[in-house]
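Okay, so here's the structure we're looking at.
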């Protein structure tokens, strides 16, 4: 098949391109700069398009002839003004699925996020029958939720599948690198002892889920993607710190004290128009304290998913 990938130069995208090529698929991707397009060619992308998600109309015709589009591009920042998230996630996704459908692409796979579920409630034992949160705890989660609605609500004939990976980890992960830097600087603390159940998914498992979704899965469905392991916050990150040769942090603070503080900081930063991220946000706090354990029976059944890494 011919598969077009957005975000192909990113952490997940690079792994996905490699897996698609190895499986015998022909891969296309877009790049906004000469350097990124050169890197895509070196990574084995056969059809490299000059363009970004900000000018989709200018290169949409290049999607003609592709069977599947995997939309894996998204900003990695979790803080910023809402219009930026709306433009880069919601509007771009809506334009992209329309462009793909108009140019004959048969299937659209959207890489969403567990953040659509995250508010203040524990998320233990849930599956895809649970609707997204009414008010996700971040603009990122809100934008991903609205982008999903744009995908599922699109009226064209294109098949639509949404994948919701949890925290994506693995070698060269920018998120893992940031956490290790924080721990190395003494800035990482446990919340409530780090006892909360935690979900994560290795980048190779996400790539595997996408590869399966190219051929399998039911249109109009969303699928949670995890490692299928019983991680806890403390167990997962302690292992990460030890592998990196860092001491495991000892300090723990109570969540009941920090949650209102994070909400207040966010409110003050927005009222005052401060562009920088607050010292603490609700999303960051929930990341290391909100109990999360998702059932992945659906992706196992429909896609034949079996975690590899």
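The helices (runs of 4 or more DSSP H) found entirely in the stretch 184-296 that carry 3 or more residues being at pLDDT 95 or above and in contact with a helix residue (DSSP H, G or I) (Cβ under 8 Å, 6 or more places away or on another chain) are 203-215, 233-243.
Taken over the stretch 195-209, the residue count meeting the criterion of being out of contact with any strand residue (DSSP E or B) (no Cβ under 6 Å at 6 or more places or on another chain), over 13 Å from residue 236 (Cα atoms) and buried (at least 21 other Cβ atoms within 10 Å of the Cβ) is 3. Reported count of residues in the stretch 3-37, each being touching a residue at least 60 places away in the same chain (Cβ under 8 Å), in contact with a strand residue (DSSP E or B) (Cβ under 7 Å, 6 or more places away or on another chain) and over 16 Å from residue 72 (Cα atoms), is 1.
Out of the stretch 297-306, which residues are surrounded by fewer than 18 Cβ atoms within 10 Å (Cβ to Cβ) and either in a loop (DSSP other than H, G, I, E, B) or touching a residue at least 40 places away in the same chain (Cβ under 8 Å) (or both)?
Across the stretch 297-306, the qualifying residues are 297, 302, 304, 306.
Are any residues in the stretch 122-137 free of Cβ contacts under 8 Å to residues at least 24 places away in the same chain and closer than 19 Å to residue 281 by Cα, and if so, which ones? Passing the criteria: 133, 134, 135, 136. Considering the stretch 160-194, and only residues there that are surrounded by fewer than 18 Cβ atoms within 10 Å (Cβ to Cβ) and touching a strand residue (DSSP E or B) at 6+ places or on another chain (Cβ under 6 Å), the residue that is farthest from residue 123 (Cα to Cα) turns out to be 189.
In a residue-by-residue description of the stretch 260-277, the property of being within 21 Å of the chain's Cα centre (by Cα) and either surrounded by 22 or more Cβ atoms within 10 Å (Cβ to Cβ) or more than 25 Å from residue 4 (Cα to Cα) (or both) applies to at least one position. Candidates 207, 147: the one that is within 13 Å of the chain's Cα centre (by Cα), more than 19 Å from residue 298 (Cα to Cα) and touching a residue at least 40 places away in the same chain (Cβ under 8 Å) is 147. Among the residues of the stretch 150-170, those identified as touching a residue at least 24 places away in the same chain (Cβ under 8 Å) and not in a strand (DSSP E or B) are 150, 151, 152, 154, 156, 157, 158, 166, 170.
Yes or no, residue by residue, for (1) farther than 24 Å from residue 260 by Cβ; (2) surrounded by fewer than 15 Cβ atoms within 10 Å (Cβ to Cβ); (3) at pLDDT 95 or above; (4) under 13 Å from the mean Cα position of the chain (by Cα):
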| residue | (1), (2), (3), (4) |
| --- | --- |
| 76 | yes, yes, no, yes |
| 86 | yes, no, yes, no |
| 90 | yes, no, yes, no |
| 95 | yes, no, yes, no |
| 102 | yes, yes, yes, no |
| 107 | yes, no, yes, no |
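The values are calculated or read from the model by the stated rules, or taken from the named source; none is laboratory data. This structure is a prediction, so every number in the text was calculated from the model and none was measured. When we count neighbours, we look across all protein chains shown, and the Cβ atoms used for this are built from the backbone with ideal geometry, even at glycine.
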